[in-house]
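Here is the structure we will look at.
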């Protein structure tokens with residue numbers, strides 16, 4: 001069975017600083033995808049970044065990058081130059097194609113607060 | 001380019017009643033997934049629809065059922081509501097890429113269901 005672990009319930013970061021949100025995963029499947037989503041207080045889940053298990057390079061999307069360490073089964077999200085609008089809940093999630101479906105398995109999330 | 005839409009935004013029901021939630025996928029998407037997010041937790045996968053059939057299901061009782069229409073929109077039905085069904089219900093859409101490893105799911109704003 002797949003499992004996602006996020007060990008940081010809450011994080012604080014100063015505006016313009018970088019922050020790393022931790023994520024470890026557990027799966028026996030060789031093919032899988034890793035995702036990060038942002039959930040503001042409004043509730044909508046916003047897709048940030050994707051990393052495939054066979055991708056050789058770490059994914060980057062603007063100020064977001066994913067530090068993918070396959071042997072350690074970790075997929076940490078790095079946010080550079082934090083902004084006040086980055087304050088939100090962040091979820092790490094995993095999927096792997098099986099039986100035609102691709103359900104997402106989520107972690108418990110990390111609440112990020114960006115301070116002035 | 002319209003994103004994923006859900007209706008209604010909020011809903012209040014009493015125990016034992018039935019509820020129907022609706023979702024329209026992002027333009028060009030053909031797959032719809034439903035998730036339940038209880039307060040303070042990560043989303044839990046309910047089921048996924050593709051080509052008007054349920055192709056994957058999570059660990060939810062038969063009280064939870066769904067449907068996908070020819071235009072790819074979807075409904076989630078919950079019968080015999082319990083207090084524990086109070087949650088944010090998220091719909092996500094994606095494009096089935098049957099020869100790819102995965103396909104990114106994009107979420108709607110959610111329907112907040114309160115069961116009294």
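Throughout, read-outs are computed from the coordinates displayed, never taken from laboratory work. Keep in mind it's a predicted model, so treat the numbers as computed, not measured. We place every Cβ from the backbone using ideal geometry, glycine too, and count neighbours over all the protein chains shown.
General remarks:
- Across the protein assembly as shown, the fraction of Cα-Cα pairs farther apart than 21 Å, rounded to a whole number, is 56%.
- Over all orientations, chain A has a Cα convex hull whose mean projected area works out to 7.2 square nanometres.
- Result for chain A in a Gaussian network model with C-alpha springs under 10 Å: among A:39, A:51, A:14, the largest mean-square fluctuation is at A:14.
- In terms of the mean number of neighbouring beta-carbon atoms within 10 Å, the peptides A:54-60, A:109-115, A:1-7 order highest first as A:109-115, A:1-7, A:54-60.
- Segment B:48-94: radius of gyration over Cα atoms, expressed as a fraction of 2.2 N^0.38 Å: 1.20
- Most tightly packed first, judged by the mean number of other beta-carbon atoms within 10 Å of their residues, the peptides B:2-9, B:41-48 read B:41-48, B:2-9.
- Residue-averaged beta-carbon neighbours from other chains (10 angstrom radius) around B:2-15: 0
- Packing-based ranking of A:73-80, B:79-86 yields A:73-80, B:79-86, ordered from highest to lowest mean Cβ neighbour count within 10 Å.
- Inter-chain neighbour count for A:41-53: the average number of beta-carbon atoms from partner chains within 10 Å of each residue's beta-carbon is 4.
- For chain B, the pair-distance distribution built from all alpha carbon pairs, in bins 10 Å wide starting at 0, is 15, 49, 30, 6, 0 percent.
- Rounded, prolate or oblate (a/c below 1.5 giving rounded, otherwise prolate when a/b exceeds b/c) for segment A:47-86 by Cα gyration tensor: prolate
- Shielding by partners, peptide B:40-50 (average Cβ within 10 angstrom, other chains): 5
- Per-selection Rg to Rh, segment B:1-54 - Cα, Kirkwood hydrodynamic radius: 1.00
- Between segment B:48-112 and segment B:1-45, the C-alpha centres lie 7 angstrom from each other.
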